[in-house]
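The values are calculated or read from the model by the stated rules, or taken from the named source; none is laboratory data. Keep in mind that this is a model prediction, so the values were computed, not measured. In this analysis, Cβ positions are derived from the backbone assuming ideal geometry, glycine residues included, and neighbour counts consider all displayed protein chains. Note: accessible area is taken over every heavy atom of the protein model, side chains too, but ligands, DNA and RNA are not part of it. Shrake-Rupley method; radii C 1.70, N 1.55, O 1.52, S 1.80 Å.
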Amino acid sequence: MTEKNTYQPETLAVRAGTQRSQFSEHSEAMFLTSSFTFDSAAQAAARFIGEEPGNIYSRFTNPTVTMFEERLAAMEGAEQCIATASGMSAILACCMGVLKAGDHIVASRSLFGATVNLFGGILKKFGIETTFVSATVVSEWSAAVRPQTKLFFLETPSNPLTEISDIAAIAVVAKQCGALLAVDNCFCTPILQRPLQLGADIVIHSATKYLDGQGRVLGGAVLGNKKTLEGVYQFLRTAGPTMSAFNAWVFLKGLETLKIRMDAHSANALELARWLEAQPNVARVFYPGLPSHPQHALALKQQKTGGGIVSFEVKGGKDAAWHVIDNTQLVSITANLGDTKTTLTHPATTTHARNTPEQRAAAGITDGLLRIAVGLEAVCDIQNDLARGLA
Ligand SMILES: *Cc1c(COP(=O)(O)O)cnc(C)c1O
């Protein structure tokens, strides 16, 4: 494929990155091999010292993984994409690549639970400190900056409250203090939002979610320009949390339908959010596509649709929230999201259970909160399933 940059994202999702082997296969091949052979000792030597491009070992590169990386890079408008074994290993690789002991992170308080634990717990052990600030109040980001600040990290819309961070405004603050801005683009995917175009330096993905889209495999990605990601690639190649060729092949196929899935998830989510807002036992609905969302205008500016995640607060706290879950017959009770199957979860006792009550309160995760990742079933069937527990 030539002139990549002139194609629309949905075209890139189907076509970018494809490389054919000697067999001229039409669908991308899965290269299940741990290592690659050389024609001679001299060629092996040239490959190992980087004088000749080419595959050596699948911890370094693999053709199926490379196809996935090039396809996602084209869609995000990134110079480089580095695929990882999971979304969390993408975040870890990003930090290992761009930070050292003594550095400081400014991060949104409204992050995926494991990201909070990685920053606040594991990285802290290695001398990297994190200050958590509001996802939405830009002045808190500038106020938290120290001379050692090297990385800004946010997720928008956030999980599970769908708070919207102003990527362009926070990118300006990051630039002023010489820090890199990394955006976890898991909820939107490049179909709905392209953070690099808004001034971010790094995009993170949990490919496990919408990029696969059918709840099959784990994977992640770090995207940005080559200079920024140099250390990330070295970390991955050395430490080894790389994506498997099988998973990369699943993600390649997933990307091909990403546009139509994101459109359908978004349309279903908007309809369900409007319905939830009208239910007497629902105290509040959080969905960026609703005019009642505090950052609705920013969401419309920054992302194409509201996305597929809706959170809502049930009147009556934890018991009422569990009652909704336990009366469903159709939707899946699971913490995963970004699947064709609708999933329902109670963040306070699952995804955010290992956060302290103080961390949960600071992130606005109340006991009555439910998160629904709206799938591709008929909306009326999802509504009927929730209506039983809400009655
Ligand atoms: C799931 C998720 C992650 C972690 O991804 P894994 O693939 O489960 O490691 C990171 N960020 C967000 C926003 C997520 O939803």
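When both residues are 6+ apart or on different chains and their Cβ atoms are under 6 Å apart, which pairs have a first residue that lies in region 313-333 and is assigned to a helix (DSSP H, G or I), and a second that is open to solvent by 80 Å² or more (accessible area, probe 1.4 Å)?
So the pair list comes out as 317/367; 318/367; 325/333.
Might you check whether a residue that is touching a Leu at 6+ places or on another chain (Cβ under 7 Å) and acidic (Asp, Glu) occurs anywhere in region 204-217?
No.
Considering only residues of region 68-105 that are hydrophobic (A, V, I, L, M, F, W, C), more than 16 Å from the ligand (Cβ to nearest atom) and not in a helix (DSSP H, G or I), which is farthest from residue 125 (Cα to Cα)?
Filtering region 68-105 for residues hydrophobic (A, V, I, L, M, F, W, C) gives 68, 72-75, 78, 81-83, 85, 88, 90-96, 98-99, 101, 105.
Restricting the remaining residues to those that are more than 16 Å from the ligand (Cβ to nearest atom) gives 73-75, 78, 98-99, 101.
Filter again for not in a helix (DSSP H, G or I), leaving 78, 99, 101.
Values: 78: 32, 99: 14, 101: 9 Å.
Only one residue tops the list, namely 78.
Would region 106-122 turn up any residue that is within 14 Å of the ligand (Cβ to nearest atom) and in a strand (DSSP E or B)?
Scanning region 106-122 turns up at least one residue that is within 14 Å of the ligand (Cβ to nearest atom) and in a strand (DSSP E or B).
Which numbered condition in (1) more than 21 Å from residue 354 (Cα to Cα); (2) within 12 Å of the ligand (Cβ to nearest atom); (3) outside any strand (DSSP E or B); (4) among the aliphatic types (A, V, I, L, M) is the only one that residue 183 fails?
In the conditions (1) more than 21 Å from residue 354 (Cα to Cα); (2) within 12 Å of the ligand (Cβ to nearest atom); (3) outside any strand (DSSP E or B); (4) among the aliphatic types (A, V, I, L, M), residue 183 misses (3) alone.
Which of the following residues is closer than 29 Å to residue 292 by Cβ, part of a helix (DSSP H, G or I) and open to solvent by less than 40 Å² (accessible area, probe 1.4 Å): 135, 171?
On the way: 135 fails: part of a helix (DSSP H, G or I).
After applying the criteria, what remains is 171.
List the residue pairs whose Cβ atoms are under 7 Å apart, where the first residue sits in region 336-363 and is away from the ligand (no atom under 16 Å from the Cβ), the second is aliphatic (A, V, I, L, M) and open to solvent by 40 Å² or more (accessible area, probe 1.4 Å), and the two are 6 or more positions apart or on different chains.
340/376
If you check 82, 49, which single one turns out to be more than 30 Å from residue 303 (Cα to Cα), assigned by TED's automatic domain parsing to the domain that holds residue 125 and β-branched (Val, Ile, Thr)?
From the options 82, 49, the qualifying one is 49.
For the list (1) open to solvent by less than 60 Å² (accessible area, probe 1.4 Å); (2) under 26 Å from residue 92 (Cβ atoms); (3) out of contact with any Pro (no Cβ under 9 Å at 6 or more places or on another chain), I need the number of the one condition that residue 245 fails.
Single failed check for residue 245: (3).
Quick check on my filter: what residues within region 221-232 are farther than 21 Å from residue 208 by Cβ, in contact (Cβ under 8 Å) with a residue 12 or more places away in the chain and part of a helix (DSSP H, G or I)?
Initial filter on region 221-232 (farther than 21 Å from residue 208 by Cβ): 225-228, 230-231.
In the following step, the residues that additionally are in contact (Cβ under 8 Å) with a residue 12 or more places away in the chain were identified as 225-226, 228, 230-231.
Answer for region 221-232, where residues must be farther than 21 Å from residue 208 by Cβ, in contact (Cβ under 8 Å) with a residue 12 or more places away in the chain and part of a helix (DSSP H, G or I): 226, 228, 230, 231.
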